[in-house]
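Throughout, read-outs are computed from the coordinates displayed, never taken from laboratory work. Model, not experiment: these values are computed from the prediction. As a convention, Cβ positions derive from the backbone with ideal geometry for all residues, glycine included, and neighbour counts pool all protein chains shown.
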Amino acid sequence: MQVEFIERYPIADLRPADYNPRKLDEDKFVMLQESIRRYGVIKPVIVNGDNGILTAGHQRTRAMKALGMTHCPAVRIGGITQVDEIRFNLFHNSIETGKSKAWVTGGLEPGRYHVVAPGRLGYEKNDNATVVFEMARLMMKYGEWGSIVCNERGEVLLNSDYAVAAKQLRREVICYCIHNEDEAGMMELLNIEYGQYHYDALGVKSYNQLLCQMHRLTPGGKRDLASTTYERYVFPMLQKGMRIVDFGAGRCAYARMLEGKGYHILPYEPHFQREEKLCVREVVRQIMRLERDIARDGLYDLVVLDSVLNSVVNSTFEHYVLTACNALMNCDGALVLGTRNKEFLDKALNYKKLNAAGRHIEFLDKENFGATFRAGVWTMQHFHTFSSLKKLLLGYFEDVEVMGVRSASQIYAIARKPLPLDRGKVLDALNVEFDMEYPGGYRHHQHHGLVDAIIKRLDERER
């Protein structure tokens, strides 16, 4: 049996997941205890039946222990892959949604759980198509993993979108029924944000981000793997004789193509891959080439930053990237960048024509970073709005124009007039960006000549 609902699962047998990214302030923890004390545990935790890992419900479990409880309702799921175990964690904690209006017919006894047949479920319309779609994907793979909460009238108060998914798939639903008179007080407590996503504890390494690199310009490849940053904004600016650096060039496809056409463009990719493996030797070769080029001819007219800001692991590395781009640019140069658009992500949650192969939901922290588990490791993605991107860039450049369509997945910017930055912070950024950490803690330490060359030209630029 893949899914089993156990109303009294021993709390002592639950093993917290070390990857759980939720953090809960102490005042909210007290409120969570109060909610459980007054109304009980109205939502089962989820446990991996193969290893006892608490897949979802860490904060509730902590609160139950603080209240001295020994057993809790749980949904035990067998055969969960590691990737899906993490998806349950993220999904269960974040998608407690009620955009759709749903109900349960027939009498329900308040103060207890019921297993409701799909024929007793109904809904007015699907108002949260993407969330319902993702819930259904997990349900089809593992069974009835979620639950709903309703009042005695049968109105679904919590997780109505899950009720819609279950109805569409004709699946049973675990339903907790509360007393009508408890509804207002319970909803007041449930509407509190019990914890925020916080990914620092995952310790994501920058070299994990190579898994996010795109296969640009692949013969016969998909059109959406072409770089819109290059094709819409870089190409119209190109002039022969212009000095260009592609910072974070990925697999270097565009830099090589343009160099083959006679343009003076140098790539730098600290996580360069050859035959799907890190090639530090090529990284060092790129560094040495940049060093010679800058020492001979100076800084660059154009710095390209294509899909790099969305792949930094945290805000500190975002600062390092932009500081390095500032330092590589001559006083009349320009930075052209493209990155992921949070406004598109927000609108996508209401988009009804869904691609089953795609990823439609991101679980973002307060800085709009989201984590994804790929190939056995965590990777990060960062999202910007038009306003957050402009505000960020104005800390490094005097003239910033943000462009694009708000409904599109990418936004773009052209930044000019690099600002003078604290020299110590510039050195810190250059030493990190040109001597990145690799698996096992290895660093190549071949960057000192390049950093010296940049600083010398930077002194000239700021005189």
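General remarks:
- Among the listed pairs 23/65; 101/366; 43/366; 125/167; 342/417, those with a Cα-Cα distance over 19 Å are 101/366; 43/366; 342/417.
- Axial C-alpha extent at least 24 Å, average Kyte-Doolittle at least -1.0 - helices from the chain (DSSP): 280-297
- Segment 95-192, relative contact order in percent, only Cα pairs under 8 angstrom and at least six apart counted: 39
- For segment 300-309, backbone phi angles converted through the Karplus equation (6.51, -1.76, 1.60; θ = phi - 60°) give residue-by-residue couplings of 10, 6, 9, 10, 9, 10, 9, 6, 9, 4 Hz, Gly and Pro being listed as x.
- Neighbourhood net charge (12 Å Cβ-Cβ; Lys/Arg +1, Asp/Glu -1) for residue 435: -2
- Ordering 8-17, 174-183, 317-326 by mean Cβ neighbour count within 10 Å, with the highest value first, yields 317-326, 174-183, 8-17.
- DSSP beta bridges in segment 95-192 [antiparallel fraction, %, rounded to 5]: 70
- Segment 203-461 - convex hull of alpha carbons, volume per residue in Å³: 138
- Rel. contact order, % - alpha carbon contacts under 8 angstrom, at least six apart, segment 203-461: 22
- Under 5 Å between amide hydrogens, built in the peptide plane, is the criterion, and for residue 72 it picks out 9, 11 among residues at least 5 positions away or on other chains.
- Percentage relative contact order, the chain, counting C-alpha pairs under 8 Å, at least six apart: 13
- Packing-based ranking, highest mean first, of 272-285, 43-56 given that Cβ atoms within 10 Å are counted: 43-56, 272-285
- Summary of packing: across the peptides 127-134, 104-111, the per-residue average of other C-beta atoms within 10 Å ranks them, highest first, as 127-134, 104-111.
- Estimated FRET transfer efficiency when R0 is 51 angstrom, pair residue 423-residue 226 (beta carbons, to 0.05): 0.85
- Reachable aspartates and glutamates, given that their alpha-carbon falls under 15 Å from the alpha-carbon of residue 141 and they are not under 8 places away in the same chain: 4, 84, 85, 172
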